[in-house]
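Here's the structure we're looking at; comments come further down.
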Amino acid sequence: AFCKLNEPNKFNSLSYLVKNNVLSLLFLIFVSLTVIVRAFLPKKAAAGFLLLVNLVFYCAYSVYAAVFMLLFSLVCYLIGGFLEKKKAFPILAAAIAGITGLYFILRYSPLLSQLLTSLTGLRLELVFPLGFSYCMFKCIGYLADIYLEQGKQAKNFVHFAAYTLYFAEISMGPLTRAGEFLPQLENGGEKLTKERFSYGFSMLLFGLFKKLVFADRLAILIAPYYQNVSSMDSGFGWFLILIGYCMQLYLDFSGYTDMAFGISKMLGFETRHNFNAPMISQTMSEYWRRWHISLSSWLSDYVFTPLQFKLRGLGKYTSAVAAVLTLTLSGLWHDLSGNYLIWGIITGLFVAIDSLLAKKRKKLSKKMPKRLFKWGSIAITFVINLFVLVFPRAYTVGDAFSIIASVFAKPWSLSVVNTELLVVLLLSIIVSILSQKIELSRDRYAAKFAAAPAVLRCLCYYVLIFAVILFAAANSDLIGGFIYAQF
């Protein structure tokens, strides 16, 4: 693990290409072949085949990292077997401490690599394996569930490794729980039907569409302003840029999870939905229940709830303090930089305020017209989130405060705003609204789409494919990786 754990071939690696250039023909061929072969396999071969596919995907990134991740999964599997036989809290605590310690060692490997080199005189290279963050969350949740008797040991190691190294989720989630995925592997998953293919393929294409056509274009248009915060002299211009980043982040991340969900659907497996119309949240607490749902619910179950129990002596402040601590830890998980630490603390404080003011909000809602209260709350929450997101996007803490100050201090003029930015932003908002409308009732829309005439479905496919290819070709040198891939 301490000597070049992963050495990705940046030009031929499947996982590198999906991480850094989503429209990789090689990756799409890989997914297509996987779906086709899986469709003809018997159910009893599903788990073994999925593990094989995971290893092919991972080995294309790094054979060393694949071996490391297999060994890591094996150790967690063995610990799970021990915990199922003997509920020993010290073993669980030691396992969690070891897993999180290893995570921080590898996550911040550049600093440790420099330290080891300076101490030993040898050029030692610590690196962070692709997807170790989500593998870590899966394993901790798996062990905790076994200890709490809320889950069972995997049937065998093949099933467990197929779950922890699942290629569609390994880079950025969603964080499907062991109790949700392992039973599917044991049952062999579902066979591919016309309805499953229609649902999965349309979600895959829609995810690509959101990412390549809108998220990447927004990234290109707003990046120069963050690189030079003095380049925008309009407060209104900065406000639009903040909205642009919010749309970029949503379309980028939800686009990936749509792809992961679609691929899983075609392979016969159900994964967690990660978004549920977060932009219509009326409080920051609700926002975090609708955004990155799989991680938010994981943090709620394994961090926030235990903290609440430990801090129950604080009375009405229990939930507030637990929220601040949980989201501060979330910020540290994203990065140890000051930007993410401040983002975590501020977000936690707003969630804490929601907890403390819940009764007053309820009284106020009865005194105001329902629609006014609802949409007023949505607007306030949206604006708060715009300013909170400045910190993870800005390059420095100083830049973040400078941007926030510019929104209020500089004149609100529209004339200095790039016309293309305005058009792309408007279209991105429309697509985001459509996406969130679908999120509120996915299965109903999927059923309607599957029941539509074949000509109409094919037309939708062709339009999405054409748009994806057109914009990917136009921006081929500028397309960036998924934002959450860095975590």
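The values are calculated or read from the model by the stated rules, or taken from the named source; none is laboratory data. If you're wondering where the values come from, they're calculated on a predicted model, not measured in any experiment. FYI the Cβ positions are ideal-geometry reconstructions off the backbone, even for glycines, and counts take in every protein chain you see. Note: areas computed on protein heavy atoms with side chains; ligands, DNA, RNA excluded. Shrake-Rupley method; radii C 1.70, N 1.55, O 1.52, S 1.80 Å.
Observations, loosely collected:
- Short-range pairs are left out: with C-alpha atoms under 8 Å and at least six residues apart, the relative contact order of the chain is 19 percent.
- Ordering Cys460, Cys76 by accessible surface, largest first, gives Cys460, Cys76; the 1.4 Å probe counts only protein heavy atoms, with every chain in place.
- Positive-end residue, segment 144-244 charge dipole about Cα centroid, Cβ charges, pick of Leu175, Phe197, Leu221: Phe197
- For Met284, the solvent-accessible surface with a 1.4 Å probe is about 10 Å², rounded to the nearest 10.
- All-pairs Cα distance distribution in segment 221-318, expressed in whole percent, bin size 5 Å: 2, 11, 13, 14, 14, 14, 12, 10, 7, 3, 0
- Charge dipole (debye, nearest 20) of the chain; +1 at Cβ of Lys and Arg, -1 at Cβ of Asp and Glu: 1700
- With every protein chain in place, segment 244-347: carbon and sulfur % of accessible area (1.4 Å): 65
- Per residue value of the accessible surface for the chain (all protein chains in place, 1.4 Å probe), Å²: 46
- Proximity of backbone amide H atoms, modeled 1.01 Å from N, is registered between Thr176 and Arg272 at under 5 Å, excluding neighbours fewer than 5 places apart on the same chain.
- Rounded to the nearest Hz, the phi-derived 3J(HN,Hα) couplings of segment 173-184 under the Karplus curve 6.51 cos²θ - 1.76 cosθ + 1.60 (θ = phi - 60°) are x, x, 8, 6, 6, 4, x, 8, 9, 4, x, 5, where x marks glycine and proline.
- Taken along its three principal axes, the alpha carbon spread of segment 166-298 comes to 60, 30, 23 Å, from the longest extent down to the shortest.
- Taking only the Cα atoms of segment 122-227, the radius of gyration and Dmax are 18.7, 57 Å.
- Kirkwood hydrodynamic radius over Cα pairs of the chain, then Stokes diffusion coefficient at 37 °C and 0.692 mPa s, in µm²/s: 137
- Spacing of the two label points (7 Å from each Cα toward its C-beta) at Arg457 and Thr396, in nm: 5.5
- Karplus-based coupling profile of segment 443-460, in residue order and whole Hz: 4, 5, 5, 5, 5, 5, 5, 5, 7, 5, x, 4, 4, 5, 4, 5, 4, 4, with θ = phi - 60° in 6.51 cos²θ - 1.76 cosθ + 1.60 and x standing for Gly or Pro.
- Summing +1 for each Lys or Arg and -1 for each Asp or Glu among the other residues whose beta-carbon sits under 12 angstrom from that of Tyr445 gives +2.
- Scalar couplings 3J(HN,Hα) for segment 90-102, obtained by applying the Karplus form with A = 6.51, B = -1.76, C = 1.60 to θ = phi - 60°, are x, 5, 4, 4, 5, 5, 5, 4, x, 5, 5, x, 4 Hz; x denotes Gly and Pro.
- Between Ile36, Val321, Ile404, the Cα set farthest toward the positive side of the dipole of the chain (charges on each charged residue's Cβ, about the Cα centre) is that of Val321.
- Debye equation applied to the C-alpha atoms of segment 322-429, log10 I(q)/I(0) at 0.18, 0.21, 0.24 Å⁻¹: -1.07, -1.15, -1.21
- Modelled spin-label separation between Lys370 and Ala45, with each label point placed 7 Å from Cα along the Cα-to-Cβ direction: 5.6 nm.
- Rolling a 1.4 angstrom probe over segment 39-166 with all protein chains present gives an accessible area of which 71% lies on carbon and sulfur atoms.
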